[in-house]
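Comments concern the structure below.
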Amino acid sequence: MISLQAITGSASAGTMYVEPGDSIQTAVDNSHRGDTIIVNPGTYDGDIDISTANLTIMSSSPCEAIIEAENNAFNIYESNVTIKNFNIRGPGKSSGTCFSFSRNEDTNGSFNCKVENNTISNFSIGADIGFYMYSGGESILNNEISNCETGIYAFDLMFGALNVSGNKITSCDNGLYLIDAPCVITNNHFNNTVNVNASDITGNVCNTTETVGENVVGGPCLGGNCWATPSGDGFSQTHCDNNGDGFADEPYKLEGCDNYVDYLPLIPSNTSVVASSESSAQEEQP
């Protein structure tokens, strides 16, 4: 049974609870602007269409509510939607989209939506964002995206840059695929066949100002991203951090992406020790 409780102090916003055997889609269809839908641990169907703005859908316990999608998991057509804490499993690497952001004939478009703290696997595309005037300003934060053809695909974003931060995007053919999509890319761990595939560098940045704080690979400072490859020859796997600040000693110009430069590429602490030791050993050889 889906239950609805009014949130204290608000005449319109409510909290709905979804239990195993219930339908998340039914809860969404009965929701109103500002509502929160809390999904308790269990396994649920995907192909969920969201046409309610300012809606939050979240697992009550991180990754214990499982979405099993036969096609797409979530189709988002309205703005300020937040989806977090789910374990989302797709139909296979060659089909399906986990998060699709666009609009339909009855909606305004999926602007300023947020996807955070989800585990996403086995989709053709982890997050599909774009088409002119239909979406923009999304935040993809602190997710684990793996075994997808493309982790995040963004195209024709005209309003607001895409914020990609704190994610672990691994074992994908393409980590990010960007076409005319301004993007802020910081504090991510990439380990894919191609980490960034981009045709236009306008408005894209790959690091922020150095800030003290634990980064996505356990280092002491925030700045850029960790750039690895499955074969072990990624920039962050083969470069040194001799002063121990968590950053490589030189910036990284992304391969195949002219003018994409990460000025503060992250180095995992174990990688920096290995790289420094190997470098010293080579220097000592006659």
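The values are calculated or read from the model by the stated rules, or taken from the named source; none is laboratory data. The shown structure was predicted, so the numbers you read here are calculated from the model rather than taken from an experiment. So basically every Cβ, Gly included, is an ideal-geometry build from the backbone, and we count neighbours across all protein chains shown. The protein model used for the area step is the full one, side chains on, heavy atoms only, and it has no ligands, DNA or RNA in it. Shrake-Rupley method; radii C 1.70, N 1.55, O 1.52, S 1.80 Å.
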Quiz item: Does at least one position in the stretch 106-117 carry a residue that is open to solvent by 20 Å² or more (accessible area, probe 1.4 Å), of a type in the set (Ser, Thr, Tyr) and not in a helix (DSSP H, G or I)?
Solution: no
Quiz item: Here are 160, 126: which of them is touching a residue at least 40 places away in the same chain (Cβ under 8 Å), part of a strand (DSSP E or B) and of a type in the set (Gly, Ala, Ser)?
Solution: 126
Exercise. Write out, first by first residue and then by second, each pair whose Cβ atoms fall under 6 Å of each other, whose residues are 6+ apart or on separate chains, and whose first residue, in the stretch 95-119, is on the phi > 0 side of the Ramachandran plot while the second is assigned to a strand (DSSP E or B).
Key: 109/135; 117/84
Practice problem: Give the residue that is surrounded by the fewest Cβ atoms within 10 Å (Cβ to Cβ), with candidates limited to residues of the stretch 46-71 that are of a type in the set (S, T, N, Q) and part of a strand (DSSP E or B). | Solution: 56
Exercise. Scan the stretch 19-33 residue by residue and report those that are farther than 19 Å from residue 78 by Cβ and in contact with a strand residue (DSSP E or B) (Cβ under 6 Å, 6 or more places away or on another chain).
Key: 20
Quiz item: Among (1) of a type outside the set (Ser, Thr, Tyr); (2) touching a residue at least 24 places away in the same chain (Cβ under 8 Å); (3) closer than 27 Å to residue 122 by Cβ; (4) part of a loop (DSSP other than H, G, I, E, B), which single condition is residue 169 missing?
Solution: (4)
Practice problem: Identify, from the list 43, 15, 82, the residue that is in contact (Cβ under 8 Å) with a residue 24 or more places away in the chain and open to solvent by less than 40 Å² (accessible area, probe 1.4 Å). | Solution: 82
Quiz item: Can you name the residue in the stretch 196-214 that is surrounded by 13 or more Cβ atoms within 10 Å (Cβ to Cβ) and either charged (D, E, K, R) or at pLDDT 95 or above (or both) and is also nearest to residue 183 (Cα to Cα) among such residues?
Solution: 200
